[in-house]
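What follows is a set of notes on a single structure, which appears directly below.
The values are calculated or read from the model by the stated rules, or taken from the named source; none is laboratory data. Values in this document were obtained by computation on a predicted structure and should not be read as measured data. Backbone-built Cβ (ideal geometry, glycine too); neighbour counts: all protein chains shown. Protein only, heavy atoms only, side chains kept; ligands, DNA and RNA dropped before computing areas. Shrake-Rupley method; radii C 1.70, N 1.55, O 1.52, S 1.80 Å.
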Amino acid sequence: MNRSLSSTIRLALLSAAAALSLGAQAAEKVTLQLKWVPQAQFAGYYVAQAKGYYKDAGLDVTIKPGGTDVSPVQVLAGKSADVIVNWMPDALAAREAGVPLVNIAQVFDKSGLMLTCKKASGVSAPKDLKGKTLGVWYGGNEYPFLSWMGKLNLKPGKDITILKQGFNVDPLLQNQAACISTMIYNEYWQVVDAGVKESDLVTFFYQDQGVASLEDGLYVLAPNLRDKAFVAKMAKFLKASFKGWNDAVKNPEEAAKIVVANDTSGSASLAVQKRQMENVAKLISNANTPKIGYLDPAAYERTIKVLMAGGSDPIIKKDPGKAAMTHLVWEQAAK
């Protein structure tokens, strides 16, 4: 073997070793637990997966759908996920109960939660809610509603009747409740699709009632943030996820197609998911800017104040201060 050929083989071996090294990095695993079933509410993550952004970042990401029997907090606490999508009220309540959740990014910076009522029920303003039956989601989704009722000084069981709402809009369609909980990107349109005219509805956005709390954010367990490797991995995850979200906001139809492809139940339709993505995009003010995913400290503090303002029965009793949030991961992702 001549010297030139030997050098060529050596270079080839070094290249192969380098490729194997990169391959090992690509096996860095991340498990994301969603808050609900596959839908455009989570489009950014599915887009990042489908377009190879996670793979390009050296990550092997598993996206676990949620469902009626899935608690993201319990999944995270049980170490079956690295990171979860959750609403801040549920996250802070869980933290106060002993699960040390920390927000590492806030994708939705506006609230999409609303109360939707039929005009025929006699509700035209919040003061009209007294004496009415109201549909409310539980499982951690009830906290914003309870905070609002606390602000209105309406006590459940005395001033209002709560109907524990399933994840459909039947209570309003069947006149079992005067108002139900809806999201602007989902259930509101299910009511309209069922044949109720928008002109026959009254809506109250939590954002407009002074009780808006932060919704879809990303949470991890506090002890994991002491590990620099975990922080670096989450920073890669955020960077790739934000790229997915930027694409989803720019191209709702493409995002909808990707979401539908990920719905193994076959119930998601392209038209509905495209409409959902268009409405979700309105909640991500910072999409396609360097600020995407940045948790605004003022919005964080506002959410805490809303949750502590429940009079004798607040959602959380103690201000967690800065312990329930960090910009550490987001700042690494922004580099």
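Note on the chain: antiparallel DSSP beta bridges, both residues inside, total approximately 55 percent of the bridges counted.
Spacing of the modelled spin labels on LYS257 and ALA27, each 7 Å from Cα toward Cβ, amounts to 3.4 nm.
Rounded, prolate or oblate: which one fits region 36-183, using the alpha carbon gyration tensor with axes a ≥ b ≥ c (rounded when a/c is under 1.5, else prolate when a/b beats b/c, else oblate)? Taking the square roots of the gyration eigenvalues as a ≥ b ≥ c, region 36-183 is prolate.
Listed by chain and number, the lysines whose C-alpha is less than 27 Å from the C-alpha of LYS197, apart from same-chain residues fewer than 8 away, are LYS110, LYS118, LYS119, LYS127, LYS130, LYS132, LYS164, LYS274, LYS282. Most simply put, region 113-209 has about 60% antiparallel DSSP beta bridges, counting only bridges with both residues inside it. All other residues whose Cβ lies under 14 angstrom from that of SER124 are scored, Lys and Arg at +1 and Asp and Glu at -1, for a net of +3. Whole angstrom only: what separates the Cα centroid of region 86-161 from the Cα centroid of region 54-81? For region 86-161 versus region 54-81, the Cα centre distance is 25 Å. Near SER111, within a Cβ-to-Cβ distance under 12 Å, what is the net charge of the other residues, with Lys and Arg +1 and Asp and Glu -1? Surrounding charge for SER111 is -1.
The length gained on full extension between ASN175 and SER265, counted as 0.36 nm times the residue separation minus their Cα-Cα distance, comes to 29.5 nm.
With helices as the sole contributors, the chain gives -12000 deg cm²/dmol at 222 nm; each DSSP H run of n ≥ 4 counts as -39500 (n - 2.57), and the sum is divided by every residue. With θ taken as phi - 60° and the Karplus curve 6.51 cos²θ - 1.76 cosθ + 1.60 applied, the whole-hertz 3J(HN,Hα) list for region 273-281 is 5, 5, 5, 4, 5, 5, 7, 4, 4 Hz, x standing for glycine and proline. In this structure, the amide hydrogen of SER285, modeled 1.01 Å from its nitrogen in the peptide plane, lies closer than 5 angstrom to those of ASP109, LYS110, counting only residues at least 5 positions away or on a different chain. Among LYS233, LYS132, LYS158, the largest mean-square fluctuation in a Gaussian network model of the chain, built with springs joining Cα atoms closer than 10 Å, belongs to LYS158. Share of carbon and sulfur in the accessible area of the chain stands at 53%, probe radius 1.4 Å.
Surface exposure of region 113-209, expressed per residue as accessible area with a 1.4 Å probe, stands at 44 Å². Taking Rg and Dmax of the Cα atoms in Å as calculated from this structure, the corresponding entry among [x] 28.8, 99; [y] 23.7, 85; [z] 22.6, 94 is [z]. The residues packed around GLU254, meaning those with a beta-carbon under 14 Å from its beta-carbon, carry a net charge of +2 if Lys and Arg are +1 and Asp and Glu are -1.
Only the Cβ atoms of Lys and Arg (+1) and of Asp and Glu (-1) were treated as charged; on that basis the dipole of the chain about its Cα centre amounts to roughly 700 debye. Here the Karplus curve 6.51 cos²θ - 1.76 cosθ + 1.60, taken at θ = phi - 60°, turns the phi angles of region 167-175 into couplings of 8, 8, 10, 4, x, 7, 4, 9, 6 Hz, with x standing for Gly and Pro.
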